[in-house]
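Please read the structure below before turning to the comments.
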Amino acid sequence: MRSGAIGLPLVLLLCLLAGCKKSEPSRTEDLQPRLGAAMQINSVKDRDDALKAVAVDAASLGAGDIVKQAVGAINNVSLHDETASDCALRLAKARQGNAAKDVAQEINSVQLRDRTFKKMAEGS
């Protein structure tokens with residue numbers, strides 16, 4: 001019983017020291033290996049999901065080239081378009097306007113592409 005009373009505070013302390021928080025996007029150097037790993041996945045759905053994760057993190061870090069590669073490799077058209085729109089807006093927010101424009105131009109849906117460009121133009 002006594003070890004349980006000591007164990008819980010110890011676990012909480014270790015958790016605080018280790019930084020129990022939601023993970024943030026990885027560093028830019030980590031993106032290329034992550035993209036390579038995602039491209040090796042055989043399952044199309046799993047690969048697309050992994051590519052989306054890489055693209056979103058890359059956009060948050062302003063890494064336009066990685067975003068373009070990851071978004072361009074997504075097979076599911078609706079996921080591709082949604083990810084491209086999200087990433088274009090993130091790149092624009094990161095002051096990567098040319099990369100944002102390039103990614104937005106890859107959106108297949110005319111309506112979504114126009115909405116994305118409108119948001120970019122409005123700065124939202």
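What follows is calculated from the coordinates using simple rules that are stated; it is not laboratory data. What you are looking at is a predicted structure, and each value in this text was computed from that prediction instead of being measured. When we count neighbours, we look across all protein chains shown, and the Cβ atoms used for this are built from the backbone with ideal geometry, even at glycine.
With the simple model of a label 7 Å out from the Cα in the direction of the Cβ, residue 94 to residue 77 spans 2.8 nm. Rg ratio for region 26-122: its Cα radius of gyration over 2.2 N^0.38 Å, N being its residue count, equals 0.99.
Between residue 40 and residue 110, the distance separating the two model label sites (each 7 Å from Cα on the Cα→Cβ line) works out to 4.3 nm.
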